[in-house]
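**Q** To start, I am sharing the structure in question, which I have written as structure tokens.
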Amino acid sequence: MLKIGVTGGIGSGKTLVCKVFSVLGIPVFNADQEAKNVINSDKEVIYEIKQLFGKDIYADQQIDARKLAGIIFNNKEAIQQVNSLVHPKVRELFKSWCNQYEYMPYVIQEAAILFETDAYKQLDFTINVHASEETRINRVMMRDQVSKEKVLERMNNQIKDDVRLKLADFTIYNENESMILPQILEIHKKFKQIEN
């Protein structure tokens, strides 16, 4: 069974691409969702985050996401501290999740920061979902009802597109005029043909 990572900058459409793979019958592990679950349910992680940022970072047993974002968005050290607590746990969850799909030709891990956390090193191949910066800004502004400045702030915390393009084994171009389905089907066919 191959382990495939799907990543892309904010607003690139990686979730849409993963939905298509899911429709094709491929199991998808959403690392970002699992990271949120870990932050809100893992006692060890909760304790450590409270030690770092104070008890009031949690309200009603849930992380105050807005407060945490305010702390970490422009603080590389704080981002690394949170990642070093959360991502090893997510990696373990992914490993045990994979065990139930040994019969599949491949599975997918969807993750926004696949390259930033070195998670891609545990995978066989990576797919980058790419769209122009302008397209991504417009999508996120509409989706999240936020200003262009807020979107750019988030983008600045992710690796640059050219780095992602170099590191990825495959790239799916998701501009309005490009058709993603034929690209996904071609990659799907390749993975099914690879003997692991």
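Taken together, the values in this text are just the output of simple stated rules run on the coordinates, not laboratory data. Since the structure is predicted, the reported quantities are computational estimates derived from the model, not experimental observations. Heads up, the Cβs are rebuilt from the backbone with ideal geometry, glycines too, and the neighbour counts pull from every protein chain shown.
**Q** Please list, in chain and number order, the residues 5+ apart from residue 126 or on another chain whose amide H is under 5 Å from its amide H, with Hs placed from the backbone.
**A** 5, 169, 170
**Q** Ok, one more. Name the residues whose placed amide hydrogens come within less than 5 Å of the amide hydrogen of residue 29, ignoring near sequence neighbours (fewer than 5 apart) on the same chain.
**A** Sorted by chain and number, the residues that satisfy this are 108, 109, 110.
**Q** Now for a separate question. Report ³J(HN,Hα) in whole Hz for each residue of segment 96-106, in order, from the Karplus equation J = 6.51 cos²θ - 1.76 cosθ + 1.60 where θ = phi - 60°; Gly and Pro get x.
**A** Along segment 96-106, the couplings run 5, 4, 4, 4, 7, 10, 4, 7, 7, x, 7 Hz.
**Q** Additional query: Tell me the mean residue ellipticity at 222 nm calculated for the chain from its helices only (DSSP H runs of n ≥ 4, each -39500 (n - 2.57), averaged over every residue, nearest 500). It would help to have the intermediate numbers written out before the result.
**A** Details: 9 runs with 105 residues, N = 196.
After summing the helix terms and dividing by the residues of the chain, the value is -16500 deg cm²/dmol.
**Q** Order 140-152, 159-171 from most to least packed using the mean count of other Cβ atoms within 10 Å.
**A** Working: 140-152: 12.8, 159-171: 14.6.
Put in order of decreasing packing, that is 159-171, 140-152.
**Q** Angle between the Cα long axis of helix 14-23 and the longest principal axis of the chain, 0 to 90 degrees, nearest 10?
**A** The answer is roughly 50 degrees.
**Q** Evaluate the relative contact order of segment 1-73 (contact order divided by residue number), counting alpha-carbon pairs under 8 angstrom at least 6 apart; express in whole percent.
**A** In percent, rounded to a whole number, it is 14.
**Q** Can you find, among 73, 142, 5, the residue sitting farthest towards the positive end of the charge dipole of segment 1-153, where Lys and Arg contribute +1 and Asp and Glu -1 at Cβ?
**A** Comparing the listed Cα positions along the dipole, 142 ranks first.
**Q** Step through the table entries 36/192; 14/76; 95/189; 3/160, compare each Cα-Cα distance with 29 Å, and write down the pairs that go over it.
**A** Result: 36/192 exceed 29 Å.
**Q** Across segment 147-164, in residue order, what do the Karplus-derived ³J(HN,Hα) couplings come to in whole Hz, using 6.51 cos²θ - 1.76 cosθ + 1.60 with θ = phi - 60° and x for Gly and Pro?
**A** So the J values, rounded to whole Hz, are 6, 4, 4, 5, 5, 4, 4, 5, 4, 5, 8, 10, 5, 5, 4, 5, 5, 4.
**Q** Continuing with this model, one more query. Once the other residues with Cβ under 13 Å from the Cβ of residue 122 are scored (Lys, Arg +1; Asp, Glu -1), what is the net sum?
**A** +1
**Q** Here is a follow-up. From Cα pairs below 8 angstrom and at least 6 apart in sequence, can you work out the relative contact order of the chain, rounded to a whole percent?
**A** Contact order relative to length: 38 percent.
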